[in-house]
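Single-structure report; data block below.
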Amino acid sequence: MGKYIYIFIGGAGGAVLRQLMEEWTLFGYKGDFPLNTFMINVIGSFILALFLTIAFEVMAIDADLRLGISTGFLGAFTTFSALCKESVILMESGRLLLASIYISSSLLFGFTAAFIGIVLARKVIYKSLVLPFKKLAANPDEEGSK
């Protein structure tokens with residue numbers, strides 16, 4: 001039952017943040033390209049990959065909390081269905097090229113953001129947060145023996 005509470009709370013937070021970001025005019029943009037949803041999904045891809053890599057490979061994060069953040073918060077924050085709906089609207093209005101650009105750029109930038117999130121978690125965060133403590137734990141008397 002606990003995991004569902006975490007998912008519920010995370011989902012509420014993610015949905016509210018998503019709605020707030022949908023209402024912003026990013027960079028003063030007023031064109032037809034769904035920039036807000038695009039940015040939300042790319043940011044969400046990065047954060048999800050970063051967080052889950054940290055959770056599974058760098059440090060142990062409680063399973064319920066992990067579900068609350070990944071499935072709840074980020075699941076509600078990002079949405080594939082909005083990407084699909086906005087793409088169909090663009091296609092129905094005869095904007096086939098813009099729809100194709102939106103779909104392909106969402107995939108390209110989403111995958112790239114996820115890749116960067118994984119690399120960042122493995123290379124930077126692991127090296128700065130975990131390795132120093134492992135080295136210290138492996139050689140606790142090294143400083144005292146000098």
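Every number in this text was worked out from the coordinates using simple rules, so none of it is lab data. Just so it is clear, the model here is predicted, and its values are computed rather than measured. Because the Cβ atoms are built from the backbone with ideal geometry, glycine has one as well, and the counts that use them run over all protein chains shown.
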Residues (buried (at least 18 other Cβ atoms within 10 Å of the Cβ) and not aromatic (Phe, Trp, Tyr)) located in segment 25-38: 34, 36, 37
Scan of segment 52-67 for residues that are under 13 Å from the mean Cα position of the chain (by Cα) and in contact (Cβ under 8 Å) with a residue 60 or more places away in the chain, ordered by number: 53, 54
Residue within segment 44-59 that is of a type outside the set (D, E, K, R) and farther than 30 Å from residue 127 by Cβ present: no
Enumeration of residues in segment 8-38 that are in contact with a helix residue (DSSP H, G or I) (Cβ under 9 Å, 6 or more places away or on another chain), part of a helix (DSSP H, G or I), farther than 26 Å from residue 94 by Cβ and hydrophobic (A, V, I, L, M, F, W, C): 8, 9, 12, 15, 16, 17, 21
